[in-house]
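The values are calculated or read from the model by the stated rules, or taken from the named source; none is laboratory data. Remember, it's a predicted structure, so these values are computed and weren't measured experimentally. Cβ atoms come from the backbone with ideal geometry, glycine included; neighbour counts cover every protein chain shown. All accessible areas refer to the heavy atoms of the entire protein, side chains included, with ligands and DNA or RNA removed. Shrake-Rupley method; radii C 1.70, N 1.55, O 1.52, S 1.80 Å.
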Amino acid sequence: MRMPIIAAGLAAATLSSTFLAMATPASAQRIDWRPGAYRLVGAGAPDLYPELRGTPRGRAFVMRNFDGNCDGRVNRREAEAANRAFAGVAGPRRDRFDWNARDRVVVADGRGGWDRGAMRGYGFRDAPEGARLTLQEEVLFATDSATLRPGAIDRLRPLADYLRAEPGVRVAIDGHTDARASDQYNQDLSERRAASVRDALEDMGVVEARFRVRGYGETRPVAPNTTAAGLRRNRRVEVTLLGRRAAEFAGR
């Protein structure tokens, strides 16, 4: 079973259901990123990531958000919750996390826990099934590969934030290719690429059961396969938020 990673944005509903309920009061509705002077003591302190226990901002993050019983100590469940939250925010390179970029309190109440500007930047358009965004091959994958590029996770992160904050939204992920290879090869590649996007969103805390994942190979081109530009447009993954409208993401 895949172990979901809670990513940036940290919608309170997701946090409460997975780990935050173990470590913080049920009334907690905000992730507090402000600095502060704290000492880490308790059985869980050695379990914390070095980036948390070894930096002033990390210690503040732990004590402001995960000292659930307000005793000034870190138990092991609280340390585990803090590690999971930080890993989701920081991604695989925790050592490069920019604390200064978090000098604010992030509202995470299921209504405001996603970045409207970032979602607008996807360029949603209305499709018969819902609001659709298109991710071109060069954004996500190398040619003939279903392995996500290093920067692809950052490109998908605002979408994951939105989906965690809006748990009722279901998602269709459709892979497409150009027509240069055999039908079977293209079908397989399109399926694997769609699955890679699903897996990335799942790893960022989006429930797997919300996805419908399909590959269409070369059967649904949006441009002629006779030019380089047309081939490039056809190599894509389309993500549709079922039942939503593009106008929901067009405002400020």
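Details
- From the list Ala172, Ala152, Ala179, Ala142, the lone residue that is among the aliphatic types (A, V, I, L, M), surrounded by fewer than 21 Cβ atoms within 10 Å (Cβ to Cβ) and free of Cβ contacts under 8 Å to residues at least 12 places away in the same chain is Ala142.
- Exactly one residue out of Asp178, Asp183, Asp174 is within 30 Å of Pro92 (Cβ to Cβ) and acidic (Asp, Glu): that is Asp174.
- Counting only helices (runs of 4 or more DSSP H) wholly contained in the stretch 152-234, the ones carrying 2 or more residues that are touching a helix residue (DSSP H, G or I) at 6+ places or on another chain (Cβ under 6 Å) and at negative phi occupy 152-165, 183-203.
- Residues satisfying the stated conditions in the stretch 69-91, i.e. more than 25 Å from Asp154 (Cβ to Cβ) and open to solvent by 20 Å² or more (accessible area, probe 1.4 Å): Asn69, Cys70, Asp71, Gly72, Arg73, Asn75, Arg76, Arg77, Glu80
- Of the residues screened, Val41 is one that is at pLDDT 90 or above and farther than 23 Å from Arg96 by Cβ.
- A single member of Gly110, Gly72 is among the small types (Gly, Ala, Ser), at pLDDT below 85, in contact with a helix residue (DSSP H, G or I) (Cβ under 9 Å, 6 or more places away or on another chain) and part of a loop (DSSP other than H, G, I, E, B), and it is Gly110.
- Of the listed requirements (1) in contact (Cβ under 8 Å) with a residue 60 or more places away in the chain; (2) open to solvent by less than 10 Å² (accessible area, probe 1.4 Å), Arg232 misses just one: (2).
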